[in-house]
Amino acid sequence: MSTNFGMTRSDIQRNHALLTPESHEWITQPDWPGAELAWLISPDMGAKFAMGIVRSTDGIPAAAPAPEGIARFLFCLDGKVRLKSGVALAPEGFAFIPPGARTGDGDVVSAEPGSRFVLFEWHFLARGPVPELVSGSVADTAGTPLRGDDWLMVQKLLPTDPAFDAEFNIMNFEPGASLAYVETHFMEHGLLMLDGGGIYRLDERWYPVQAGDAIWMGPHVPQWFGALGRQKSRYLIYKNYNRPPLSQR
Ligand code: UGY
Ligand code: MN
């Protein structure tokens with residue numbers, strides 16, 4: 001048995017949180033047979049969405065579809081994740097699953113033993129026809145420079161269609177690249193560092209971050225990232241989008 005003498009890099013604040021792997025709490029849930037889940041972000045901390053990591057211990061035979069009105073986004077980290085509709089996700093494959101109202105019974109997730117994936121859930125804001133299921137892979141997604149900075153490439157995983165109420169992007173930083181300014185916006189973020197690391201400014205704190213770390217950024221939290229080291233840094237980031245402030249729930 002090892003001990004870390006009560007130390008963790010995790011830090012939960014009123015409007016943001018850093019969630020680091022050594023403090024993940026793995027639980028089982030009746031609707032996810034064969035799996036262990038570490039919920040990192042939830043409405044209990046003030047977020048309007050949930051983000052967790054799901055690991056398939058014995059193989060997930062069939063998880064229950066999301067409750068009515070809840071959309072899901074899956075991002076495969078390891079192994080193979082399958083949807084009832086026939087979609088199979090290899091590492092860096094992703095799927096947006098519209099709320100069940102559209103697909104009848106939602107979409108049932110299964111996974112091979114040893115698979116791991118990121119799971120986002122949120123109350124979908126339908127302002128017209130609900131979009132269909134979308135799936136793809138990071139490798140097949142084109143990137144564009146963020147505001148002209150080709151050291152900071154953004155890959156938008158979902159179509160830029162106003163029917164979607166969220167964005168899921170991969171942000172790619174060359175070593176030394178950074179966000180151009182300290183952003184403040186009412187939209188929230190859920191983030192998972194995929195590669196590399198650097199310094200994340202959240203509110204009045206500056207955090208060293210590395211691959212495997214997760215971050216919640218609440219509404220309006222000042223945010224900035226600078227990439228350090230000799231390798232590229234990448235993160236997956238969720239943002240509520242196409243949702244006017246007064247439509248939030
Ligand atoms: O899309 C965004 O708001 C993004 N640039 N924010 C971030 O990386 N913290
Ligand atoms: Mn932002």
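The values are calculated or read from the model by the stated rules, or taken from the named source; none is laboratory data. Not measured: the values here are computed from a predicted model. Backbone-built Cβ (ideal geometry, glycine too); neighbour counts: all protein chains shown. These area figures cover heavy atoms from the full protein model, side chains too; ligands, DNA and RNA do not enter into them. Shrake-Rupley method; radii C 1.70, N 1.55, O 1.52, S 1.80 Å.
What accessible area per residue comes out for the chain, rounded to a whole number of Å², with a 1.4 Å probe? Each step should come with its number before you reach the end.
Values: 11590 Å² over 249 residues.
For the chain, the per-residue accessible area is 47 Å².
Spin-label pair Glu132-Arg14: with each label point 7 Å from Cα along the Cα-Cβ axis, the two points sit 4.6 nm from one another. Positive-end ranking of Val130, Ile70, Val109 along the dipole of the range 15-130, with charges on Cβ about the Cα centre, is headed by Val130. Over all other residues within a Cβ to Cβ distance under 14 Å of Phe117, the charged ones net out to -1, with Lys and Arg as +1 and Asp and Glu as -1.
Considering the chain, its Cα convex hull presents a mean projected area of 13.9 nm².
Using unit Cβ charges (K, R positive; D, E negative) and no other charged atoms, how large, in debye to the nearest 20, is the dipole of the range 15-130 about its Cα centre?
Details: 9 positive and 13 negative charges, 87 e Å.
Here the range 15-130 has a charge dipole of around 420 debye.
Placing R0 at 25 angstrom, the Cβ-Cβ distance between Lys48 and Lys232 gives a FRET efficiency of 0.20 after rounding to 0.05.
Where does the charge balance sit around Gln223 when Lys and Arg score +1, Asp and Glu -1, over other residues with C-beta under 14 Å from its C-beta? Don't jump to the answer; show the numbers that get you there.
Values: positive: Arg201, Arg205, Lys239; negative: Glu183, Glu188, Asp203, Glu204.
My count for the surroundings of Gln223 gives -1.
Among the GluC sites (Glu not before Pro) in the range 12-53, those placed in a DSSP loop whose Cβ has at most 10 other Cβ atoms within 10 Å are Glu25. Across the range 15-130, Cα-Cα pairs farther apart than 26 Å form 17% of the total. Karplus-based coupling profile of the range 142-158, in residue order and whole Hz: 5, x, 10, x, 7, 6, x, 8, 7, 8, 9, 9, 10, 10, 8, 7, 9, with θ = phi - 60° in 6.51 cos²θ - 1.76 cosθ + 1.60 and x standing for Gly or Pro.
If you take all other residues with their beta carbon under 14 Å from the beta carbon of Ser42, and give Lys and Arg +1 and Asp and Glu -1, the sum is -3.
The amide H of Ala166, built 1.01 Å from its N in the peptide plane, has Tyr241 as neighbours under 5 Å, considering only residues 5 or more places off or on other chains.
Let a ≥ b ≥ c be the square roots of the eigenvalues of the Cα gyration tensor of the range 76-152; is it rounded (a/c under 1.5), or, if not, prolate (a/b larger than b/c) or oblate?
Details: a/c = 2.40, a/b = 1.19, b/c = 2.01.
Note, shape of the range 76-152 comes out oblate.
The Cα atoms of the range 148-230 define a convex hull whose projected area, averaged across directions, is 5.7 nm².
Taking Arg147, Arg55, Arg72 and ordering them by how much accessible surface each has at a 1.4 Å probe, largest first, produces Arg147, Arg55, Arg72.
Subtracting the Cα-Cα distance from 0.36 nm times the residue separation, let me have the gained length for Met7 to Val108 in nm, one decimal.
Values: separation 101, 0.36 × 101 = 36.36 nm, distance 3.84 nm.
Gain on extension, Met7 to Val108, equals 32.5 nm.
Would you work out which of Thr57, Gly196, Ala142 lies farthest towards the positive end of the dipole of the chain? Charges go on Cβ: Lys and Arg +1, Asp and Glu -1. The Cα lying farthest towards the positive end belongs to Ala142.
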